Amino acid sequence: MSPTKTKLLIIGSGPAGYTAAVYASRAMLSPILFQGIQPGGQLTITTEVENWPGEKEILGPDLMKNMEDHARNLGCEIISEHVSKVNLTERPFFVETDSGRQYLTESVILATGAQANWLGLDNEEKYKGFGVSACATCDGFFYKDKIVVVIGGGNMAVEEAIFLTKFASKVYLIHRRDELRAEKILQKRLFENQKIEIIWNKQVKDVLGEDNPLGVTGIQIKDTLSNELSEINCSGVFVAIGHSPASALIKDQLKTFDSGYVSTLPGTTKTSIPGVFAAGDLVDNVYRQAVTSAAMGCMAALDAEKYLSEINNGN
């Protein structure tokens, strides 16, 4: 079967990808969007979103479903597949999915977002899915009336800890410093929650557990000031130490910075290869907000529209 030919492919389905799809559809570019392994991106594992303009409060999955429906209604073809290969060295650009479907496209918008960071402990890997998680909204229900720990000090960690109090009997927040990086309003909610206990100046050294059945029983922590080791009994460990850009797909093909963020021309979404655009958390190592990702998705679609117009007019 010969590859499908198209003007524009969008890879990724977070706020950046869906917004790009909306604008590209309105520009009559007939875009095709690949949702990837996590349709909707990181917001689908977020509970209440309180900083989206026009919505006092909306669930993350609901917001992303609204954006998906908007893109579909405008005519974007949305495919529930993961892109496994991209060749940006030749034009038209080549894209292949896990199912083996192939595409040739005149332009690409990369909106693959970011993925969870892990601690890098051997037992962390061993107990993933058996007590170790990076998604409280996905797995919190399984810890009803149990003790859990959350590791981190930013917005994500605080939000996860607060969310887990809906199920867990107690939540420990483990942070390696003596102050949090999270927004003040979130810190206030955290400090006021009687189910949460903050463990300052501690670093997780190991995840403790049993093999039959496979499951977490606790963690070993080290005091960052005294180096003293101690243990905390728990049934679940939620790692919330941020994300890294999901840029493996285009490794060694595009110019990147800071461990994989895609470089773009200032004030645009243009990458180091003409016709390839990037938006959202794949690019942004500073703001990393849904609204800024959506704004970049808009920019990427407009940049792609201008590029396609120029090449098709021979400019």
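Descriptive notes on the structure:
- Of all residues in the range 269-299, those satisfying the criterion of being touching a strand residue (DSSP E or B) at 6+ places or on another chain (Cβ under 8 Å), under 25 Å from N87 (Cβ atoms) and assigned to a loop (DSSP other than H, G, I, E, B) are T269, T271, G275, A279, V283.
- In the range 77-131, counting only strands (runs of 3 or more DSSP E) that sit wholly within it, the ones holding 2 or more residues that are under 21 Å from the mean Cα position of the chain (by Cα) span 77-79, 83-87, 102-110, 114-116.
- A count restricted to the range 80-100 and to residues that are surrounded by fewer than 19 Cβ atoms within 10 Å (Cβ to Cβ) and either farther than 21 Å from K255 by Cβ or not polar (S, T, N, Q) (or both) stands at 14.
- Qualifying residue in the range 193-203 (condition: among the basic types (K, R), under 14 Å from N233 (Cα atoms) and assigned by TED's automatic domain parsing to the domain that holds S133): no
- Neighbours by Cβ (under 7 Å, 6+ apart or cross-chain): first from the range 280-292, free of Cβ contacts under 8 Å to residues at least 60 places away in the same chain; second assigned to a loop (DSSP other than H, G, I, E, B): V283/T264; N285/D258; T292/D284
- Residue among E231, E197, E192 that is without any contact (Cβ under 8 Å) to a residue 12 or more places away in the chain and surrounded by fewer than 19 Cβ atoms within 10 Å (Cβ to Cβ): E192
- Cβ-Cβ under 6 Å pairs, at least 6 apart or on other chains, the range 1-12 side under 8 Å from I109 (Cα atoms), far side small (G, A, S): L8/A24; L8/S107; L8/A304; I10/G17; I10/A20; I10/A21
- Only one entry in D252, D284 is over 20 Å from G14 (Cα atoms) and at pLDDT below 95, namely D252.
- In the range 265-295, the residues that are aliphatic (A, V, I, L, M) and under 18 Å from L249 (Cβ atoms): I273, V276, A278, A279, L282, V283
- Among (1) assigned to a strand (DSSP E or B); (2) under 17 Å from the mean Cα position of the chain (by Cα) - the single one V149 does not satisfy: (2)
- Of G260, G314, all but one fail to be surrounded by fewer than 16 Cβ atoms within 10 Å (Cβ to Cβ) and modelled with pLDDT under 95; the exception is G314.
- Condition met for T217 (over 16 Å from W118 (Cα atoms), at pLDDT 95 or above and in contact with a Lys or Arg (Cβ under 8 Å, 6 or more places away or on another chain)): no
- Screening the range 44-73 for residues that are buried (at least 22 other Cβ atoms within 10 Å of the Cβ) and not hydroxyl-bearing (S, T, Y) and picking the one that is nearest to the chain's Cα centre (by Cα) gives M64.
- Checked against (1) buried (at least 16 other Cβ atoms within 10 Å of the Cβ); (2) under 22 Å from T4 (Cβ atoms); (3) among the β-branched types (V, I, T), I174 passes all but a single condition, namely (2).
- Within the range 184-214, the set of residues being assigned to a loop (DSSP other than H, G, I, E, B) and farther than 22 Å from N117 by Cβ comprises N193, Q194, K195, N212, P213.
The values are calculated or read from the model by the stated rules, or taken from the named source; none is laboratory data. Here the structure is a predicted model, which is why all the values come from computation and not from measurement. Cβ coordinates were reconstructed from backbone atoms using ideal geometry, including for glycine residues, and neighbour counts include every protein chain displayed.
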